[in-house]
Amino acid sequence: MPEFSILKPFSGEVNHGLVLDSSEIPDAIMADQIHGDTILEVNQRPETLPQCDAFITNLKGLPLMVRVADCQGVLIYDPITRSAASVHSGWRGSALNIIGKTIEKMTEVYGSSPADLLVAISPSLGPCCAKFSEPKNELPEFCHPFIRPNNHVDFWALSTKQCLDAGIPENQLELAAECSKCRPGYPSHRNGDSKRMGVFVTLL
């Protein structure tokens with residue numbers, strides 16, 4: 001299984017530092033997340049905050065962290081090529097299939113086979129609370145089968161399908177299936193929280 005931690009909510013550099021100190025790993029690499037589908041291959045620690053929503057690497061000791069509060073943090077690990085990815089996938093990322101594109105990028109860069117990959121998806125906005133005003137107008141057509149009654153959208157099912165379509169075996173996909181909005185203990189943008197949850201993967 002991948003060496004990863006799904007972190008409880010943290011706020012500010014103090015808690016961030018405490019988490020990393022307690023796990024005895026170097027300071028995490030983070031991004032200026034732009035809700036797009038840009039994927040950064042990390043060959044060394046960036047000097048500035050990169051604009052992207054996914055990281056991939058095959059280097060040890062570089063913790064790749066995404067920050068979420070309703071969005072999905074998706075961790076991908078390849079035990080064969082010893083490579084990994086950390087993905088920030090909100091509804092815009094889901095609409096761009098950033099998960100599938102990250103899997104494709106790992107295949108292209110590291111020679112990963114989707115059949116070998118292990119995937120974990122963090123707590124995030126569930127179908128119970130992911131309500132849109134006009135989802136058929138706000139989301140591309142391929143997302144429409146995941147629209148539920150009362151304009152709710154099941155992004156858990158959408159991300160699962162995107163993983164399966166990319167070739168991930170079902171038994172190598174772990175979905176937390178915990179709603180960040182209605183389940184206590186998680187930060188939620190829709191609840192007005194300013195906190196974020198850190199989700200990271202590190203090759204050791």
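The values are calculated or read from the model by the stated rules, or taken from the named source; none is laboratory data. Worth saying up front: this structure is predicted, and the values here are computed from it rather than measured. No Cβ is skipped: glycine too gets one built from the backbone with ideal geometry, and neighbour counts run over all protein chains shown.
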Checked the stretch 169-204 for anything part of a loop (DSSP other than H, G, I, E, B), of a type in the set (S, T, N, Q) and either surrounded by fewer than 21 Cβ atoms within 10 Å (Cβ to Cβ) or at pLDDT below 95 (or both); matches are Ser188, Ser194, Thr202
Checked Ile103, Ile99 against criteria (out of contact with any Asp or Glu (no Cβ under 8 Å at 6 or more places or on another chain), over 17 Å from His35 (Cα atoms) and among the β-branched types (Val, Ile, Thr)); the one match is Ile103
Check on Ala54, in contact with a His (Cβ under 9 Å, 6 or more places away or on another chain) and of a type in the set (A, V, I, L, M, F, W, C): yes
Those residues of the stretch 78-116 which are small (Gly, Ala, Ser) and assigned to a strand (DSSP E or B) amount to Ser83, Ala84, Ala85, Ser86, Ser89
Subset of the stretch 53-77, residues assigned to a loop (DSSP other than H, G, I, E, B), modelled with pLDDT of 95 or more and closer than 26 Å to Pro127 by Cα, comes to Asp53, Asp70, Cys71
Pairs with Cβ under 9 Å, 6+ apart, first in the stretch 28-39 and without any contact (Cβ under 8 Å) to a residue 60 or more places away in the chain and closer than 8 Å to Asp53 by Cβ, second part of a loop (DSSP other than H, G, I, E, B) and of a type in the set (D, E, K, R): Ala31/Asp53; Gln33/Asp53; Ile34/Asp53; His35/Asp53; Thr38/Asp53
For the stretch 114-137, which positions are of a type in the set (S, T, N, Q) and either without any contact (Cβ under 8 Å) to a residue 12 or more places away in the chain or in contact with a strand residue (DSSP E or B) (Cβ under 8 Å, 6 or more places away or on another chain) (or both)? Ser122, Ser124, Asn137
Taking the stretch 45-60 as the search range and keeping residues that are surrounded by fewer than 22 Cβ atoms within 10 Å (Cβ to Cβ) and in contact (Cβ under 8 Å) with a residue 60 or more places away in the chain, which one is nearest to Ile99 (Cα to Cα)? Asn58
